[in-house]
Amino acid sequence: MGLRLADSGRRTRAALLVFAFILSLFAGRLVQLQGIDAAAYAADATQLTTVALQATRGTIRDDKGYPLATSVQAVNITTDQTLVTNPSAEAAQLAPLVGVDAATLTRRLSGTARFAYVAKLVTPATWKKVEALNLAGIFAEKTSKRVYPAGPLAANVIGFVGADGSGLGGLEYQLQNELAGRNGSATFDSAGGLAIPGAGGSTTPPLPGADVWLTIDRDVQWEAQQAITAAVHSSRALSGTVVVMSPGTGQILALATAPTFDPNNPGAAPAADRGNRALTEAYEPGSTGKVITASALLSNNLITPQTRLTVPNRISRGGQSFKDYFNHGDLKLTYAGTIALSSNIGTIEAADRLGGMTRLYPYLRAFGLGRPLGLDFPGANPGIVPPPSQWSATTGYTMTFGQGYSVNAVQMASVYATIANGGVRVSPSLVKQTVTPDGVVHPAATPARTRVISPSVAAEITEMLEGVVGPGGTGPEARIAGYRVAGKTGTANRYDASCGCYRGYTMSFIGFAPADNPQVVVAVTLQNPDGGGGGSLAGPVFRQVMQFTLQTEQVPPTGAAAPRVQIFWK
Amino acid sequence: MSALPTATRLAPACPGARSMPHPGPNRTELRLVPAPRRRRAARAPFVVMVLGLLAGGLVGLLLLNTVLAQGAFTVSDLKKRVSALTDQEQALLQVVAAEQAPQKLATRALALGMVPSTNPAFIRLSDGAVLGVPAPGRAPKVLPGPLSLPPAPAPTATPSGTPRPGASGTATATRPASRPSPSGSPKPTPQPTAGTAPKPTVSPTPSPRSSR
């Protein structure tokens with residue numbers, strides 16, 4: 001049966017069918033072009049320009065928001081050496097602008113490389129001047145530069161970045177993911193560098209990094225850095241650290257180390273000065289560790305501060321003779337007196353009441369020694385507290401006065417913060433909050449709180465520590481007029497890894513104020529200074545930093561009179 | 001049921017009735033009527049109108065394109081200005097940040113003849129009581145020096161031509177890409193230096209020990 005075109009109805013339907021078929025071909029092609037193959041065609045188009053959109057690195061701020069590390073735009077000047085016809089002439093023009101001598105520039109411009117750097121991280125303004133010279137084969141690469149406006153201030157906490165702008169040390173390294181953000185890109189049709197209007201394109205916006213607010217107070221940090229730098233210098237010590245903590249919150253207000261470095265030019269400083277010694281260096285605490293022995297004794301009701309002890313000049317334990325830092329006849333000391341005068345022998349005698357020095361171990365651990373602080377700081381050294389199974393005959397006895405185990409300065413500050421906080425240990429923290437680019441504030445996780453000793457034991461230890469600063473104690477240099485100060489001196493034999501022996505001393509003073517309402521803990525440590533003792537060398541640093549912090553944090557004295565601590569008995 | 005046979009019966013009668021008209025006395029005569037003369041519309045105005053539309057559309061499109069292109073130039077110019085102003089803002093913010101650094105403030109304060117207060121003391125406003133022991137401030141023996149500032153982050157509003165390519169710990173300009181990081185950057189992985197604490201198994205205690 002043939003198609004009868006004469007029939008108008010059939011004819012219309014046939015035409016419709018043909019049209020529909022053709023149109024559906026068009027539609028199919030459209031879907032293929034715009035939907036399926038769009039990306040491939042977009043990529044093939046020769047006129048498309050893609051530029052990377054650099055994410056801005058987050059700012060690191062102190063607890064009040066002042067910037068400690070910030071990123072600014074910068075330009076890397078690059079060259080296509082094959083396009084440079086007269087390297088020396090171009091170099092001569094560039095030299096005064098980029099601050100590199102002409103000979104070096106000539107070398108960088110000569111050759112056959114299609115891509116090479118001429119000068120890195122110049123300011124955008126400098127690049128504008130270079131651009132205006134209209135030199136052949138000179139191009140720009142947009143980048144950003146990390147700037148530390150306050151230089152060495154808190155440098156050992158913040159760290160530094162490498163050539164690619166990613167963190168290499170300190171918090172810059174630890175918080176790389178939060179700070180870096182994510183780079184984006186823009187793709188567009190262009191003619192002569194201008195986007196063609198209406199031609200479309202695609203943009204993936206960069207995601208800026210989050211701002212990180214520290215618990216560090218820059219003013220306290222500065223004072224602490226000033227004080228410890230001066231003390232390390234004047235005592236010719238190897239190094240020194242100051243930790244300032246708020247006992248109730250565990251927040252670290254300052255973490256100063258000396259010598260330090262300038263993060264704007266970290267290459268100029270030795271690697272050891274770029275770390276944070278208060279966290280990365282473990283040392284034996286010495287007499288400041290006697291508060292842990294006191295905690296064990298007082299918690300078990302084995303002693304009171306008034307308990308009378310007779311302290312000879314030498315004492316033999318574990319086949320070894322122990323002495324005090326000064327020779328003396330038989331001393332009639334109260335237990336508080338052994339702390340105030342920092343008698344090792346008195347401490348061992350008191351610790352004998354534990355009926356086995358292994359009972360000290362749980363207290364060392366409960367105060368957070370021998371394990372990480374939870375700060376996750378790069379390179380942090382949690383120190384070593386050997387378990388009783390590894391002890392020698394004398395280890396338990398040396399541990400009573402802080403030798404035979406190692407700690408870092410922040411751990412030790414945390415021990416005193418625990419006592420200051422009525423026996424509740426609050427995990428130390430360095431980061432207060434992060435603020436994401438959308439302005440949302442993410443407070444740091446609430447620090448863990450654990451009770452280590454009872455409030456009454458903490459109060460008894462605090463009173464004994466006031467005796468250290470009081471009349472007859474070892475730490476009169478730490479006194480602050482009008483305030484009740486509690487603290488402890490430490491002069492420890494220093495373990496020297498280079499000889500595997502004890503050589504030199506670690507001097508320290510750790511304390512808090514006001515003793516009857518503690519608001520600030522300051523821990524000062526000096527490694528291997530010339531002469532002196534924990535009181536005479538670290539005490540003045542403690543006082544200076546504590547005075548400044550009490551003013552800055554506006555902590556008035558409580559007005560209560562310091563207790564009279566009885567050192568001797570008759 | 002009976003309607004159908006009736007219809008078939010009637011059907012043959014109808015055609016016959018139509019084919020034989022009955023000339024009646026009242027029938028009007030049919031006459032040929034001359035076709036009315038068709039009036040042709042003038043062609044010119046229409047052509048002019050179409051051409052006008054075309055030309056108008058063309059000019060409109062051209063104008064639109066021009067305006068768009070002009071917009072692109074304006075956008076480009078404004079973007080340049082924005083970036084220039086951003087640069088300037090950044091440079092100024094850097095200057096501010098450097099000027100408000102504690103060491104700078106301390107130096108300036110000392111230069112003005114101010115001295116740091118030594119002992120903290122407070123006045124309670126409610127009753128005027130003095131808390132703490134006030135002491136006169138003393139000029140520090142050592143001026144704030146140990147913490148030297150980096151040479152001010154150069155950029156003033158119109159940054160001078162001396163950039164500091166090395167800032168931010170990157171290789172200085174003399175070593176562009178060869179040294180991505182300062183030599184011996186601290187290993188970021190935590191590595192407790194066991195050496196700082198005595199090996200627990202051996203007795204580390206030299207005799208006799210002193211500690212205070």
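The values are calculated or read from the model by the stated rules, or taken from the named source; none is laboratory data. Quick caveat, the model's predicted, so the values are computed rather than measured. Counting neighbours? That spans all protein chains shown, and the Cβs are built from the backbone with ideal geometry, glycine included. Note: accessible area is taken over every heavy atom of the protein model, side chains too, but ligands, DNA and RNA are not part of it. Shrake-Rupley method; radii C 1.70, N 1.55, O 1.52, S 1.80 Å.
When all protein chains stay in place and ligands, DNA and RNA are ignored, the 1.4 Å accessible-area order of A:K142, B:K79, A:K290, B:K104, largest first, is A:K142, B:K79, B:K104, A:K290. Once neighbouring chains are kept in place and the probe is 1.4 Å, which whole percent of the accessible area of the stretch A:218-552 is contributed by carbon and sulfur? Carbon and sulfur atoms account for 50 percent of the accessible area of the stretch A:218-552. Which of the pairs A:K142/B:K104; A:K142/B:K79; A:K323/A:K570; A:K128/B:K80 have their Cα atoms more than 20 Å apart in this structure? In this structure, A:K142/B:K104; A:K323/A:K570 exceed 20 Å between Cα atoms. Within straight-line reach of A:K488, meaning a Cα separation under 17 Å, sit the following aspartates and glutamates at least 8 residues removed in sequence or on another chain: A:E284, A:D324, A:E460, A:E463, A:E466, A:E477, A:D516.
Here r is the Cβ-Cβ distance between A:R449 and B:I123 and R0 is 45 Å; the resulting FRET efficiency, rounded to 0.05, is 0.80.
Contact with the other protein chains removes 20 Å² or more of accessible area, compared with the isolated chain and a 1.4 Å probe, from these residues of the stretch A:52-84: A:Y66, A:P67, A:V72, A:Q73. Entry note, chain A: relative contact order of 14 percent, from Cα contacts under 8 Å with a spacing of 6+ residues. Per-residue shielding of A:162-168, expressed as the average number of other chain Cβ atoms within 10 Å of the residue Cβ, stands at 6. Residue order by solvent-accessible surface for A:T394, B:T74 is B:T74, A:T394, largest first, with ligands and nucleic acids left out and a 1.4 Å probe. For chain A, list the DSSP H helices whose alpha carbon atoms reach 20 Å or more along the long axis and whose average Kyte-Doolittle value is 0.0 or above? Once both thresholds are applied, what remains is A:8-30, A:455-469. The heavy atoms of B:M114 present about 110 square angstrom of accessible area, all protein chains included, probe 1.4 Å. For A:K64, a cut-off of 17 angstrom between C-alpha atoms picks up these lysines, skipping any fewer than 8 places away in its own chain: A:K432.
Pairing chain B with chain A buries about 7400 Å² of accessible area. This figure sums both sides and uses a 1.4 Å probe.
Remark: chain A carries 40 Å² of accessible area per residue (probe radius 1.4 Å; ligands, DNA and RNA excluded).
Going from the isolated chain to the complete set of protein chains, the stretch A:459-502 loses at least 30 Å² of heavy-atom accessible area (1.4 Å probe) at A:A481, A:Y483, A:T491, A:N493, A:Y495, A:Y502. Using every pair of distinct Cα positions in the stretch A:139-193, the Kirkwood expression returns a hydrodynamic radius of 13.5 angstrom.
Sort the stretch A:342-465 into rounded, prolate or oblate with this rule: let a ≥ b ≥ c be the square roots of the eigenvalues of the Cα gyration tensor; rounded if a/c is under 1.5, and if a/c is not under 1.5, prolate when a/b is larger than b/c, oblate otherwise.
Taking the square roots of the gyration eigenvalues as a ≥ b ≥ c, the stretch A:342-465 is prolate.
Inter-chain neighbour count for A:216-227: the average number of beta-carbon atoms from partner chains within 10 Å of each residue's beta-carbon is 3.
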